[in-house]
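Here's the structure, in C-alpha coordinates; my notes come after.
The values are calculated or read from the model by the stated rules, or taken from the named source; none is laboratory data. What you see is a predicted model, and the numbers here were worked out from it, not measured in a lab. Glycine also receives a Cβ, built like all others from the backbone with ideal geometry; neighbour counts cover every protein chain displayed. Just the protein is used for accessible areas: all its heavy atoms, side chains included, with ligands, DNA and RNA removed. Shrake-Rupley method; radii C 1.70, N 1.55, O 1.52, S 1.80 Å.
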Amino acid sequence: MIKIKKNMRALVVGLGRSGVAATKLLCKKGIKVTITDELNKSDLKDSLEALEGYDFDLELGKHVLKTFCEQDFIVVSPGVRLDIKPLQQAEKMKVPILSEVELAAQFISEPIIAVTGTNGKTTTSTMIAEMIQASGKTVFLGGNIGIPLSEYAIRREKCDWVVAEISSFQLDTTFTFKPHIAVFLNIAPDHLDRYSNYEDYIKSKMKLKDNMTEEDYVVLNMRDQKLMSLLNGVKPKCLYFTSDSPKNMPPHLAEKFQGVYLEPATTVHLKCPRWKEHAFPVKESLLRGLHNKENMMAATLAAKLAGVSNEAIQKVLVGFKPLPHRMEYVARKNQVTFYNDSKGTNIHSLLRSLESFDEPVILIAGGRDKGEDYTMLGNSIRRHVKNLILVGEAKEKINRAIGDFSETFLVGTFEEAVYLAYQKSRSGDVILLSPGCASQDMFKNYEERGDYYKRIISTF
(Lines give C-alpha, C1' and ligand atoms only; values in the text may rest on other atoms or scores of the structure.)
Protein backbone atom coordinates (compact mmCIF):
# COMPACT_ATOMS: atom_id res chain seq x y z
CA MET A 1 0.00 0.00 0.00
CA ILE A 2 1.04 3.59 -0.56
CA LYS A 3 3.54 5.21 1.80
CA ILE A 4 2.55 8.83 2.30
CA LYS A 5 5.37 11.32 1.72
CA LYS A 6 5.81 15.09 1.62
CA ASN A 7 4.79 16.91 -1.59
CA MET A 8 2.52 14.11 -2.80
CA ARG A 9 -0.85 15.12 -4.27
CA ALA A 10 -3.98 13.99 -2.44
CA LEU A 11 -7.68 14.46 -3.06
CA VAL A 12 -10.06 14.50 -0.09
CA VAL A 13 -13.57 13.46 -1.19
CA GLY A 14 -16.30 14.74 1.11
CA LEU A 15 -15.92 17.61 3.56
CA GLY A 16 -17.71 16.22 6.58
CA ARG A 17 -16.04 15.71 9.94
CA SER A 18 -13.61 13.05 8.72
CA GLY A 19 -12.80 15.03 5.56
CA VAL A 20 -11.88 18.08 7.64
CA ALA A 21 -9.65 16.00 9.93
CA ALA A 22 -7.97 14.24 6.98
CA THR A 23 -7.26 17.60 5.33
CA LYS A 24 -5.64 18.96 8.50
CA LEU A 25 -3.42 15.89 8.84
CA LEU A 26 -2.39 15.89 5.18
CA CYS A 27 -1.57 19.61 5.22
CA LYS A 28 0.54 19.19 8.35
CA LYS A 29 2.45 16.37 6.61
CA GLY A 30 3.27 18.58 3.64
CA ILE A 31 0.84 17.00 1.18
CA LYS A 32 -0.65 19.09 -1.66
CA VAL A 33 -4.37 18.78 -0.91
CA THR A 34 -7.43 19.29 -3.07
CA ILE A 35 -10.89 18.96 -1.55
CA THR A 36 -13.96 18.01 -3.60
CA ASP A 37 -17.59 17.96 -2.50
CA GLU A 38 -20.88 18.08 -4.38
CA LEU A 39 -22.23 20.61 -1.88
CA ASN A 40 -21.53 24.32 -2.23
CA LYS A 41 -19.73 26.81 0.02
CA SER A 42 -22.81 27.87 1.97
CA ASP A 43 -23.63 24.23 2.78
CA LEU A 44 -20.07 23.62 3.98
CA LYS A 45 -19.63 26.87 5.92
CA ASP A 46 -18.76 25.21 9.26
CA SER A 47 -16.30 22.77 7.68
CA LEU A 48 -14.51 25.50 5.77
CA GLU A 49 -14.28 27.67 8.88
CA ALA A 50 -12.64 24.75 10.68
CA LEU A 51 -9.96 24.72 7.96
CA GLU A 52 -9.06 28.40 8.12
CA GLY A 53 -5.27 28.79 7.96
CA TYR A 54 -4.72 25.56 6.05
CA ASP A 55 -3.52 25.61 2.43
CA PHE A 56 -5.57 23.56 -0.05
CA ASP A 57 -7.44 23.76 -3.36
CA LEU A 58 -11.21 23.52 -3.44
CA GLU A 59 -13.65 22.10 -5.98
CA LEU A 60 -17.25 22.41 -4.84
CA GLY A 61 -20.67 21.84 -6.40
CA LYS A 62 -19.61 18.85 -8.47
CA HIS A 63 -16.87 16.22 -8.82
CA VAL A 64 -14.39 16.75 -11.67
CA LEU A 65 -13.31 13.44 -13.19
CA LYS A 66 -9.90 14.76 -14.29
CA THR A 67 -9.03 15.83 -10.74
CA PHE A 68 -9.62 12.31 -9.38
CA CYS A 69 -7.26 10.77 -11.91
CA GLU A 70 -4.36 13.22 -11.35
CA GLN A 71 -3.72 12.36 -7.69
CA ASP A 72 -1.09 10.24 -5.97
CA PHE A 73 -3.86 8.98 -3.69
CA ILE A 74 -7.45 9.75 -2.65
CA VAL A 75 -8.91 9.90 0.86
CA VAL A 76 -12.64 9.15 0.79
CA SER A 77 -15.06 10.05 3.58
CA PRO A 78 -17.28 7.22 4.91
CA GLY A 79 -20.44 8.99 3.75
CA VAL A 80 -19.32 8.91 0.10
CA ARG A 81 -20.39 5.92 -1.98
CA LEU A 82 -17.51 4.06 -3.61
CA ASP A 83 -19.49 3.37 -6.77
CA ILE A 84 -19.58 6.97 -8.00
CA LYS A 85 -18.07 7.32 -11.46
CA PRO A 86 -15.01 9.48 -10.55
CA LEU A 87 -13.86 6.98 -7.89
CA GLN A 88 -14.40 4.03 -10.21
CA GLN A 89 -12.38 5.77 -12.92
CA ALA A 90 -9.59 6.63 -10.48
CA GLU A 91 -9.47 3.00 -9.40
CA LYS A 92 -9.10 1.93 -13.04
CA MET A 93 -6.19 4.39 -13.30
CA LYS A 94 -4.57 2.65 -10.28
CA VAL A 95 -4.95 5.69 -8.00
CA PRO A 96 -4.97 4.35 -4.40
CA ILE A 97 -8.22 5.05 -2.55
CA LEU A 98 -8.10 4.95 1.23
CA SER A 99 -10.29 5.83 4.18
CA GLU A 100 -9.54 8.50 6.75
CA VAL A 101 -8.92 5.68 9.26
CA GLU A 102 -6.31 4.12 6.96
CA LEU A 103 -4.65 7.52 6.55
CA ALA A 104 -4.56 8.26 10.28
CA ALA A 105 -3.26 4.81 11.24
CA GLN A 106 -0.04 5.45 9.33
CA PHE A 107 0.77 8.14 11.91
CA ILE A 108 -0.39 6.40 15.10
CA SER A 109 2.05 4.22 17.04
CA GLU A 110 0.01 3.76 20.24
CA PRO A 111 -1.93 0.48 20.68
CA ILE A 112 -5.43 0.58 19.20
CA ILE A 113 -8.56 -1.14 20.47
CA ALA A 114 -10.97 -1.27 17.51
CA VAL A 115 -14.65 -2.05 18.03
CA THR A 116 -16.89 -3.16 15.19
CA GLY A 117 -20.23 -4.90 14.77
CA THR A 118 -23.65 -4.18 13.37
CA ASN A 119 -24.94 -2.81 16.69
CA GLY A 120 -23.52 -1.71 20.04
CA LYS A 121 -20.26 -0.18 18.79
CA THR A 122 -20.65 3.24 20.38
CA THR A 123 -21.78 1.97 23.78
CA THR A 124 -18.99 -0.62 23.93
CA SER A 125 -16.28 1.76 22.72
CA THR A 126 -17.30 4.41 25.24
CA MET A 127 -17.43 1.87 28.05
CA ILE A 128 -13.92 0.59 27.25
CA ALA A 129 -12.56 4.14 27.19
CA GLU A 130 -14.19 4.94 30.54
CA MET A 131 -12.74 1.77 32.07
CA ILE A 132 -9.23 2.66 30.89
CA GLN A 133 -9.66 6.19 32.20
CA ALA A 134 -10.97 4.91 35.55
CA SER A 135 -7.77 2.88 35.91
CA GLY A 136 -5.66 6.05 35.77
CA LYS A 137 -4.43 5.60 32.19
CA THR A 138 -4.91 8.05 29.34
CA VAL A 139 -7.16 7.19 26.41
CA PHE A 140 -8.38 8.69 23.15
CA LEU A 141 -11.88 7.75 22.02
CA GLY A 142 -12.77 8.37 18.39
CA GLY A 143 -13.14 6.92 14.92
CA ASN A 144 -16.75 6.54 13.86
CA ILE A 145 -17.77 8.10 17.18
CA GLY A 146 -17.11 11.79 17.71
CA ILE A 147 -13.53 12.68 16.83
CA PRO A 148 -11.84 11.22 13.70
CA LEU A 149 -8.56 9.36 14.22
CA SER A 150 -6.75 11.96 12.11
CA GLU A 151 -7.40 14.50 14.87
CA TYR A 152 -5.49 12.26 17.26
CA ALA A 153 -2.67 11.73 14.76
CA ILE A 154 -1.88 15.47 14.72
CA ARG A 155 -2.06 15.91 18.51
CA ARG A 156 1.13 16.57 20.40
CA GLU A 157 -0.15 14.88 23.56
CA LYS A 158 -0.32 11.11 23.11
CA CYS A 159 -2.34 8.60 25.13
CA ASP A 160 -1.68 5.14 26.53
CA TRP A 161 -4.50 3.68 24.40
CA VAL A 162 -6.56 4.61 21.38
CA VAL A 163 -10.13 3.25 21.35
CA ALA A 164 -11.74 3.46 17.92
CA GLU A 165 -15.26 2.65 16.84
CA ILE A 166 -14.91 1.35 13.28
CA SER A 167 -17.72 1.12 10.73
CA SER A 168 -17.92 -1.00 7.60
CA PHE A 169 -17.72 2.14 5.45
CA GLN A 170 -14.39 3.02 7.08
CA LEU A 171 -13.11 -0.53 6.62
CA ASP A 172 -14.01 -0.65 2.92
CA THR A 173 -10.82 1.18 1.99
CA THR A 174 -8.38 0.07 4.68
CA PHE A 175 -5.34 -1.97 3.75
CA THR A 176 -2.74 -1.73 6.55
CA PHE A 177 -4.91 -0.77 9.55
CA LYS A 178 -3.97 -3.05 12.46
CA PRO A 179 -5.48 -2.84 15.94
CA HIS A 180 -3.84 -4.62 18.87
CA ILE A 181 -7.29 -5.64 20.15
CA ALA A 182 -10.28 -6.10 17.81
CA VAL A 183 -13.75 -6.44 19.30
CA PHE A 184 -16.39 -8.13 17.12
CA LEU A 185 -19.78 -7.59 18.75
CA ASN A 186 -22.21 -9.12 16.25
CA ILE A 187 -22.98 -9.34 12.54
CA ALA A 188 -26.37 -8.97 10.86
CA PRO A 189 -27.65 -7.52 7.57
CA ASP A 190 -27.26 -3.74 7.42
CA HIS A 191 -26.50 -0.99 4.92
CA LEU A 192 -27.82 -3.11 2.06
CA ASP A 193 -28.56 0.18 0.32
CA ARG A 194 -24.77 0.62 0.07
CA TYR A 195 -23.63 -2.98 -0.43
CA SER A 196 -24.74 -5.19 -3.31
CA ASN A 197 -25.39 -8.06 -0.88
CA TYR A 198 -24.89 -9.20 2.71
CA GLU A 199 -21.67 -11.05 1.86
CA ASP A 200 -20.01 -7.82 0.72
CA TYR A 201 -20.98 -6.17 4.00
CA ILE A 202 -19.46 -9.12 5.90
CA LYS A 203 -16.24 -8.95 3.85
CA SER A 204 -15.88 -5.32 4.80
CA LYS A 205 -16.23 -6.04 8.53
CA MET A 206 -13.73 -8.90 8.35
CA LYS A 207 -11.01 -6.58 7.00
CA LEU A 208 -10.48 -5.46 10.59
CA LYS A 209 -8.54 -8.65 11.38
CA ASP A 210 -6.53 -8.95 8.16
CA ASN A 211 -3.26 -7.42 9.43
CA MET A 212 -3.39 -8.74 12.98
CA THR A 213 -0.74 -11.20 14.19
CA GLU A 214 -0.29 -13.81 16.91
CA GLU A 215 0.66 -10.98 19.28
CA ASP A 216 -2.80 -9.41 18.94
CA TYR A 217 -6.23 -10.30 20.36
CA VAL A 218 -9.75 -10.75 19.04
CA VAL A 219 -12.68 -10.40 21.45
CA LEU A 220 -15.59 -12.33 19.98
CA ASN A 221 -19.29 -12.95 20.65
CA MET A 222 -19.53 -16.71 21.12
CA ARG A 223 -23.31 -16.77 20.57
CA ASP A 224 -22.98 -15.22 17.13
CA GLN A 225 -22.55 -18.31 14.99
CA LYS A 226 -21.78 -16.30 11.86
CA LEU A 227 -18.91 -14.52 13.57
CA MET A 228 -17.65 -17.77 15.08
CA SER A 229 -17.46 -19.41 11.66
CA LEU A 230 -15.86 -16.36 10.03
CA LEU A 231 -13.17 -15.93 12.70
CA ASN A 232 -12.34 -19.58 13.26
CA GLY A 233 -8.59 -20.09 12.90
CA VAL A 234 -7.53 -16.44 12.79
CA LYS A 235 -3.94 -15.54 13.69
CA PRO A 236 -4.74 -13.40 16.76
CA LYS A 237 -5.54 -15.02 20.08
CA CYS A 238 -9.31 -15.23 20.64
CA LEU A 239 -11.17 -14.50 23.87
CA TYR A 240 -14.94 -14.93 24.05
CA PHE A 241 -17.97 -13.39 25.69
CA THR A 242 -21.31 -15.15 25.93
CA SER A 243 -24.61 -15.11 27.79
CA ASP A 244 -24.30 -18.92 28.11
CA SER A 245 -22.83 -20.46 31.23
CA PRO A 246 -19.98 -22.95 30.61
CA LYS A 247 -22.11 -25.63 32.29
CA ASN A 248 -24.57 -25.26 29.41
CA MET A 249 -21.89 -25.52 26.74
CA PRO A 250 -20.78 -28.73 25.04
CA PRO A 251 -17.95 -30.25 27.14
CA HIS A 252 -15.27 -29.62 24.52
CA LEU A 253 -16.14 -25.89 24.50
CA ALA A 254 -16.60 -25.56 28.26
CA GLU A 255 -13.14 -27.01 28.96
CA LYS A 256 -11.40 -24.58 26.61
CA PHE A 257 -13.53 -21.50 27.32
CA GLN A 258 -11.54 -18.32 27.90
CA GLY A 259 -13.33 -15.07 28.43
CA VAL A 260 -16.43 -13.80 30.25
CA TYR A 261 -19.92 -15.21 30.61
CA LEU A 262 -23.22 -14.19 32.18
CA GLU A 263 -24.52 -16.22 35.13
CA PRO A 264 -27.01 -15.41 36.43
CA ALA A 265 -28.29 -12.51 34.30
CA THR A 266 -27.01 -10.09 36.95
CA THR A 267 -23.38 -11.20 37.11
CA VAL A 268 -20.50 -11.06 34.61
CA HIS A 269 -17.95 -13.81 35.31
CA LEU A 270 -14.33 -13.61 34.19
CA LYS A 271 -12.84 -17.04 33.48
CA CYS A 272 -9.48 -17.02 31.74
CA PRO A 273 -6.04 -18.46 32.67
CA ARG A 274 -4.51 -15.00 32.17
CA TRP A 275 -6.33 -13.64 35.24
CA LYS A 276 -7.76 -14.81 38.51
CA GLU A 277 -11.46 -15.71 38.21
CA HIS A 278 -13.69 -12.82 39.19
CA ALA A 279 -17.41 -11.98 39.37
CA PHE A 280 -18.69 -8.52 38.45
CA PRO A 281 -22.21 -7.83 39.82
CA VAL A 282 -24.21 -5.80 37.28
CA LYS A 283 -27.66 -5.85 38.87
CA GLU A 284 -27.43 -2.11 39.53
CA SER A 285 -26.50 -1.30 35.93
CA LEU A 286 -28.59 1.39 34.22
CA LEU A 287 -28.42 -0.40 30.86
CA ARG A 288 -31.45 -2.46 29.74
CA GLY A 289 -31.49 -5.61 27.66
CA LEU A 290 -29.36 -8.66 26.94
CA HIS A 291 -27.62 -6.84 24.11
CA ASN A 292 -26.26 -4.33 26.62
CA LYS A 293 -25.06 -7.17 28.84
CA GLU A 294 -23.11 -8.41 25.82
CA ASN A 295 -21.66 -4.91 25.36
CA MET A 296 -20.60 -4.97 29.03
CA MET A 297 -18.90 -8.34 28.64
CA ALA A 298 -17.05 -7.27 25.50
CA ALA A 299 -15.87 -4.08 27.20
CA THR A 300 -14.75 -6.02 30.26
CA LEU A 301 -12.54 -8.33 28.20
CA ALA A 302 -11.02 -5.52 26.16
CA ALA A 303 -10.32 -3.55 29.33
CA LYS A 304 -8.65 -6.54 31.01
CA LEU A 305 -6.41 -6.95 27.95
CA ALA A 306 -5.52 -3.27 28.31
CA GLY A 307 -4.42 -3.86 31.91
CA VAL A 308 -7.41 -2.33 33.65
CA SER A 309 -8.09 -3.36 37.25
CA ASN A 310 -11.23 -5.21 38.34
CA GLU A 311 -12.13 -2.27 40.56
CA ALA A 312 -12.07 0.20 37.66
CA ILE A 313 -14.12 -2.16 35.48
CA GLN A 314 -16.71 -2.67 38.22
CA LYS A 315 -17.06 1.07 38.75
CA VAL A 316 -17.90 1.65 35.08
CA LEU A 317 -20.16 -1.40 34.71
CA VAL A 318 -22.44 -0.08 37.44
CA GLY A 319 -22.13 3.64 36.82
CA PHE A 320 -22.26 3.75 33.01
CA LYS A 321 -25.21 5.79 31.74
CA PRO A 322 -27.06 4.93 28.52
CA LEU A 323 -25.83 7.08 25.65
CA PRO A 324 -28.22 9.47 23.90
CA HIS A 325 -30.50 7.84 21.30
CA ARG A 326 -29.53 4.30 22.36
CA MET A 327 -32.31 2.83 24.51
CA GLU A 328 -32.27 6.18 26.30
CA TYR A 329 -34.80 6.68 29.07
CA VAL A 330 -36.62 9.94 28.30
CA ALA A 331 -39.48 10.43 30.74
CA ARG A 332 -42.35 8.87 32.64
CA LYS A 333 -45.71 10.61 32.23
CA ASN A 334 -49.03 9.35 33.63
CA GLN A 335 -47.48 5.91 34.28
CA VAL A 336 -46.29 5.68 30.66
CA THR A 337 -42.53 5.37 30.06
CA PHE A 338 -40.80 6.81 26.97
CA TYR A 339 -37.56 5.43 25.47
CA ASN A 340 -35.53 6.96 22.65
CA ASP A 341 -33.72 4.40 20.49
CA SER A 342 -33.34 6.59 17.40
CA LYS A 343 -29.93 4.98 16.75
CA GLY A 344 -31.81 1.71 16.11
CA THR A 345 -31.50 2.07 12.34
CA ASN A 346 -31.62 -1.60 11.34
CA ILE A 347 -33.80 -4.64 11.99
CA HIS A 348 -31.26 -6.39 14.21
CA SER A 349 -31.10 -3.39 16.53
CA LEU A 350 -34.90 -3.07 16.63
CA LEU A 351 -35.31 -6.74 17.54
CA ARG A 352 -32.89 -6.48 20.43
CA SER A 353 -34.53 -3.34 21.74
CA LEU A 354 -37.97 -4.97 21.77
CA GLU A 355 -36.58 -8.00 23.63
CA SER A 356 -35.52 -5.64 26.44
CA PHE A 357 -39.13 -5.05 27.55
CA ASP A 358 -41.64 -7.16 29.44
CA GLU A 359 -44.16 -4.30 29.43
CA PRO A 360 -46.59 -3.72 26.53
CA VAL A 361 -44.81 -1.64 23.87
CA ILE A 362 -46.18 1.01 21.55
CA LEU A 363 -43.55 1.08 18.82
CA ILE A 364 -42.82 4.04 16.53
CA ALA A 365 -40.89 2.77 13.51
CA GLY A 366 -40.10 3.71 9.93
CA GLY A 367 -37.89 6.08 7.98
CA ARG A 368 -35.66 5.55 4.96
CA ASP A 369 -35.45 1.92 3.87
CA LYS A 370 -31.99 0.28 3.86
CA GLY A 371 -32.98 -2.81 1.87
CA GLU A 372 -33.70 -5.11 4.82
CA ASP A 373 -36.28 -7.87 5.24
CA TYR A 374 -38.88 -6.59 7.72
CA THR A 375 -40.68 -9.94 7.90
CA MET A 376 -37.97 -10.99 10.39
CA LEU A 377 -39.67 -8.71 12.91
CA GLY A 378 -42.99 -10.59 12.85
CA ASN A 379 -42.64 -12.86 15.88
CA SER A 380 -41.15 -10.14 18.07
CA ILE A 381 -43.88 -7.67 17.08
CA ARG A 382 -46.54 -10.27 17.95
CA ARG A 383 -44.96 -10.93 21.38
CA HIS A 384 -44.10 -7.39 22.48
CA VAL A 385 -45.95 -4.73 20.51
CA LYS A 386 -49.41 -3.53 21.48
CA ASN A 387 -49.59 -0.82 18.79
CA LEU A 388 -47.32 -0.31 15.79
CA ILE A 389 -47.14 3.24 14.45
CA LEU A 390 -45.37 3.61 11.10
CA VAL A 391 -44.05 6.81 9.57
CA GLY A 392 -41.64 7.82 6.80
CA GLU A 393 -40.72 6.51 3.36
CA ALA A 394 -40.65 2.85 4.38
CA LYS A 395 -43.99 2.75 6.19
CA GLU A 396 -45.90 1.02 3.36
CA LYS A 397 -43.20 -1.63 2.92
CA ILE A 398 -43.05 -2.30 6.67
CA ASN A 399 -46.84 -2.45 6.88
CA ARG A 400 -47.01 -5.07 4.12
CA ALA A 401 -44.41 -7.16 5.95
CA ILE A 402 -45.60 -6.99 9.58
CA GLY A 403 -48.74 -4.86 9.77
CA ASP A 404 -50.90 -7.89 10.61
CA PHE A 405 -49.02 -8.75 13.81
CA SER A 406 -50.26 -5.78 15.84
CA GLU A 407 -52.80 -3.00 15.68
CA THR A 408 -51.02 -0.84 13.10
CA PHE A 409 -51.37 2.82 12.11
CA LEU A 410 -49.71 4.66 9.21
CA VAL A 411 -49.25 8.38 9.77
CA GLY A 412 -47.98 11.29 7.71
CA THR A 413 -45.71 13.18 10.09
CA PHE A 414 -43.32 12.27 12.86
CA GLU A 415 -45.10 14.56 15.29
CA GLU A 416 -48.38 12.81 14.53
CA ALA A 417 -46.73 9.44 15.26
CA VAL A 418 -45.64 10.53 18.75
CA TYR A 419 -48.99 12.12 19.61
CA LEU A 420 -50.87 9.02 18.44
CA ALA A 421 -48.58 6.77 20.49
CA TYR A 422 -49.36 8.76 23.63
CA GLN A 423 -53.07 8.78 22.83
CA LYS A 424 -53.10 4.98 22.52
CA SER A 425 -51.05 4.39 25.68
CA ARG A 426 -52.36 3.21 29.03
CA SER A 427 -50.80 2.95 32.50
CA GLY A 428 -47.79 0.59 32.45
CA ASP A 429 -47.10 0.89 28.72
CA VAL A 430 -43.77 1.73 27.11
CA ILE A 431 -43.59 4.06 24.12
CA LEU A 432 -40.47 3.19 22.16
CA LEU A 433 -38.94 5.04 19.23
CA SER A 434 -36.82 2.40 17.50
CA PRO A 435 -37.19 3.08 13.78
CA GLY A 436 -35.34 0.15 12.19
CA CYS A 437 -34.61 2.57 9.35
CA ALA A 438 -32.32 5.45 8.45
CA SER A 439 -33.47 8.98 9.28
CA GLN A 440 -32.61 10.96 6.16
CA ASP A 441 -36.12 10.93 4.69
CA MET A 442 -37.30 13.40 7.35
CA PHE A 443 -34.21 14.38 9.38
CA LYS A 444 -30.55 15.24 8.89
CA ASN A 445 -29.46 12.30 11.04
CA TYR A 446 -30.64 9.98 13.84
CA GLU A 447 -29.59 12.52 16.49
CA GLU A 448 -31.94 15.15 15.08
CA ARG A 449 -34.75 12.56 14.98
CA GLY A 450 -34.17 11.54 18.61
CA ASP A 451 -33.90 15.11 19.82
CA TYR A 452 -37.18 16.02 18.11
CA TYR A 453 -38.83 13.00 19.75
CA LYS A 454 -37.67 14.22 23.16
CA ARG A 455 -38.86 17.77 22.49
CA ILE A 456 -42.36 16.54 21.61
CA ILE A 457 -42.50 14.44 24.79
CA SER A 458 -41.53 17.47 26.87
CA THR A 459 -44.79 19.14 25.81
CA PHE A 460 -46.99 16.36 27.25
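Results for (1) farther than 14 Å from LEU185 by Cβ; (2) open to solvent by 20 Å² or more (accessible area, probe 1.4 Å), shown as yes or no for each residue.
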{"site": "ARG223", "(1), (2)": "no, yes"}
{"site": "ASN232", "(1), (2)": "yes, yes"}
{"site": "TYR240", "(1), (2)": "no, yes"}
{"site": "GLN258", "(1), (2)": "yes, yes"}
{"site": "ALA265", "(1), (2)": "yes, yes"}
{"site": "PRO281", "(1), (2)": "yes, yes"}
{"site": "ARG288", "(1), (2)": "yes, yes"}
{"site": "ALA299", "(1), (2)": "no, no"}
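Take residues that are over 26 Å from LEU51 (Cα atoms) and in contact with a helix residue (DSSP H, G or I) (Cβ under 8 Å, 6 or more places away or on another chain) and tell me which of the strands (runs of 3 or more DSSP E) falling wholly in segment 126-196 contain 2 or more.
Once the strands (runs of 3 or more DSSP E) in segment 126-196 are filtered for at least 2 residues that are over 26 Å from LEU51 (Cα atoms) and in contact with a helix residue (DSSP H, G or I) (Cβ under 8 Å, 6 or more places away or on another chain), what remains is 181-184.
Restricting to segment 286-310, give me the number of residues that are farther than 19 Å from ASP358 by Cβ, in a helix (DSSP H, G or I) and touching a helix residue (DSSP H, G or I) at 6+ places or on another chain (Cβ under 8 Å).
Count: 8.
List the pairs whose first member sits in segment 52-63 and is in contact (Cβ under 8 Å) with a residue 12 or more places away in the chain and at positive phi, whose second member is part of a loop (DSSP other than H, G, I, E, B) and open to solvent by less than 100 Å² (accessible area, probe 1.4 Å), and whose Cβ atoms are under 9 Å apart, counting only residues at least 6 apart or on separate chains?
GLY61/LEU39; GLY61/ASN40
So which residues in segment 449-460 are open to solvent by 70 Å² or more (accessible area, probe 1.4 Å) and in a loop (DSSP other than H, G, I, E, B)?
Scanning segment 449-460 gives a single hit, THR459.
Name the residues in segment 341-382 that are of a type in the set (S, T, N, Q), open to solvent by less than 10 Å² (accessible area, probe 1.4 Å) and within 17 Å of the chain's Cα centre (by Cα), would you?
SER342, ASN346, SER353, listed by residue number.
As an exercise: evaluate TYR329 against (1) crowded, with 16+ Cβ neighbours inside 10 Å; (2) within 16 Å of GLY450 (Cβ to Cβ) and give the number of the one condition it does not meet.
(1)
Restricting to segment 62-77, name every residue that is out of contact with any strand residue (DSSP E or B) (no Cβ under 8 Å at 6 or more places or on another chain) and open to solvent by less than 50 Å² (accessible area, probe 1.4 Å).
If we filter segment 62-77 for residues that are out of contact with any strand residue (DSSP E or B) (no Cβ under 8 Å at 6 or more places or on another chain), which is where we start, we get 62, 65-66, 69.
Across segment 62-77, the qualifying residue is only CYS69.
Report yes if PHE280 is assigned to a strand (DSSP E or B) and either within 25 Å of the chain's Cα centre (by Cα) or charged (D, E, K, R) (or both), otherwise no.
Taking the combined requirement at face value, the residue does not satisfy it.
For segment 24-104, list the strands (runs of 3 or more DSSP E) that sit wholly inside it and hold at least 3 residues that are over 28 Å from HIS191 (Cα atoms); which are they?
Those strands (runs of 3 or more DSSP E) span 32-37, 57-60.
Just checking, which of PRO148, PRO96, PRO111 is at pLDDT 95 or above and surrounded by 24 or more Cβ atoms within 10 Å (Cβ to Cβ)?
PRO148
Confirm whether ALA394 is among the aliphatic types (A, V, I, L, M), free of Cβ contacts under 8 Å to residues at least 60 places away in the same chain, closer than 19 Å to GLU328 by Cα and open to solvent by less than 70 Å² (accessible area, probe 1.4 Å).
no
Are there any pairs with C-beta distances below 8 angstrom linking a residue in segment 151-170 that is within 16 Å of VAL101 (Cα to Cα) to a residue that is buried (at least 20 other Cβ atoms within 10 Å of the Cβ) and basic (Lys, Arg), with the two at least 6 apart or on different chains, and if so which?
Hits for this filter: GLU151/LYS24; ILE154/LYS24; GLU165/LYS121; ILE166/LYS121; SER167/LYS121; SER168/LYS205.
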